[in-house]
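Peer 1: The structure is given below, and queries will be raised subsequently.
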Amino acid sequence: MSRTASAEPIEHITELNVASQPAGHPAVRGQHPKHHGCPKAVFRVRSDVPTELRHGIFAQEGEYQAYVRFSNGRAADDRKADAHGMAIKVLGVTGQKLIDGREHETAQDFVLVDSETFFTGDAADYVRVNWATMGKGIQKLTGWLSILLRPALLLRILQFVSKRPRSPFEARYFSTVPFALGPLVVKYVALPRNPIILGPTQGRDGLAESLRTRLGSCGISFAFALDIQTDPVAQPVENPTIAWSTAGANRVVVADIILPRQPLDPSAPAAENLQFSPWHALSHHMPIGFINEARKPVYREMAKARHTRNGIMPIETSDAPDSYTRASQEDAS
């Protein structure tokens with residue numbers, strides 16, 4: 001789908017999302033409003049990255065400070081099935097970024113969820129889903145009726161929100177949609193290393209408690225990998241309902257995400273005030289496809305509205321992680 005063809009539904013989706021923000025203060029995120037913590041991390045690019053993958057942040061071996069925000073998609077109770085997010089903000093990444101007016105900023109974001117596939121890449125279906133989840137009155141009813149009349153779409157939505165992880169560090173996380181990597185096309189994957197098997201999630205805030213308990217005693221690490229497109233027909237750009245890992249894509253680990261032992265304060269402002277966007281990225285990591293095109297204005301406008309209502313004014317991006325916890329007054333969307 002061309003950018004021209006997708007402009008009208010994207011504008012409509014953006015308006016729906018901004019209008020859906022509930023009244024009250026403080027304003028919360030439209031998507032993934034409930035976090036489990038936003039610990040400090042190290043994003044370490046490996047020394048053995050193959051030559052053909054050495055683009056952007058993966059161009060050379062290096063170590064970056066980072067933040068990782070774990071979250072629920074929409075559920076307030078951690079025991080309920082939902083989608084779950086892992087948003088990574090890597091600090092100190094030099095080079096021009098893709099967002100107009102923010103080209104000079106020095107953070108690179110990766111936005112992942114615990115499902116390898118997304119429920120649609122179709123613009124009309126995506127609008128219907130937004131009617132159902134973000135609309136009001138007759139529009140909301142129309143959205144749900146149109147989904148119920150599309151059983152395949154309904155099944156994919158239910159699968160997308162069906163996860164019940166016992167801790168944030170037991171889940172596997174995926175970008176679900178593709179990105180450029182220089183001349184290549186890839187998807188991002190974060191895989192936990194040596195997860196500890198726990199019992200069922202306890203309490204409404206069980207995922208936050210498991211994260212806090214684990215980081216209070218020892219660290220967590222993930223392998224950060226790329227699923228590399230080898231066949232554009234078998235691994236299509238505009239159909240994120242297809243799992244590339246089972247369709248012939250090559251998976252290569254290019255970095256490590258290390259969350260060291262640390263106290264975790266659930267009220268720390270970074271988890272609420274930081275904004276993550278797949279477009280907050282180097283040009284080597286250009287987001288591709290309709291879903292990514294839609295996310296660009298949606299994430300920007302939602303963050304702008306939320307930060308305005310909460311009285312958070314943008315400041316210059318800093319390479320120092322402490323600047324994010326001092327007031328976290330950066331709209332790094």
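Peer 1: Report, ordered by chain and residue number, the lysines lying within cross-link reach of Lys80, taken as a straight Cα distance under 20 Å and ignoring same-chain residues fewer than 8 apart.
Peer 2: The qualifying lysines are Lys34, Lys163.
Peer 1: Under 5 Å between amide H atoms, partner at least 5 residues away or on a different chain: which partners does Ala255 have, H built in plane at 1.01 Å?
Peer 2: Under 5 Å from the amide H of Ala255: Arg46, Phe224.
Peer 1: Could you state the number of Å between the C-alpha centres of the range 58-83 and the range 125-202?
Peer 2: Cα centres, the range 125-202 to the range 58-83: 14 Å.
Peer 1: Which three lengths, in whole Å and largest first, does the range 39-115 cover when its Cα atoms are put on their principal axes?
Peer 2: So the three principal-axis extents are 42, 34, 23 Å.
Peer 1: Sticking with this one: Go through Lys187/Lys296; Lys89/Lys140; Lys97/Lys187; Lys136/Lys187; Lys140/Lys296; Lys40/Lys187 and tell me which ones have a Cα-Cα distance over 26 Å in this structure.
Peer 2: Lys89/Lys140; Lys136/Lys187
Peer 1: Can you pull the three principal axis extents for the Cα set of the range 3-321, in Å, largest first?
Peer 2: Largest first, the range 3-321 extends 53, 44, 41 Å along its Cα principal axes.
Peer 1: Taking the Kirkwood radius as the inverse of the mean 1/r across Cα pairs, report the Rg/Rh of the range 66-224.
Peer 2: 1.01
Peer 1: Next question. Hey, can you rank 140-147, 186-193, 250-257 by average C-beta count inside 10 Å, highest first?
Peer 2: By packing density, highest mean first, the sequence is 186-193, 250-257, 140-147.
Peer 1: Pairs of alpha-carbon atoms within less than 8 angstrom and 6+ residues apart define the contacts here; what relative contact order does the range 3-321 have, in percent?
Peer 2: Rounded, it is 25 percent for the range 3-321.
A short reminder: the numbers here are calculations on the coordinates, not readings from a lab. Bear in mind that the values here come from a model prediction, so they are computed numbers and not experimental data. Cβ: placed from backbone, ideal geometry, glycine included. Neighbour counts: every protein chain shown.
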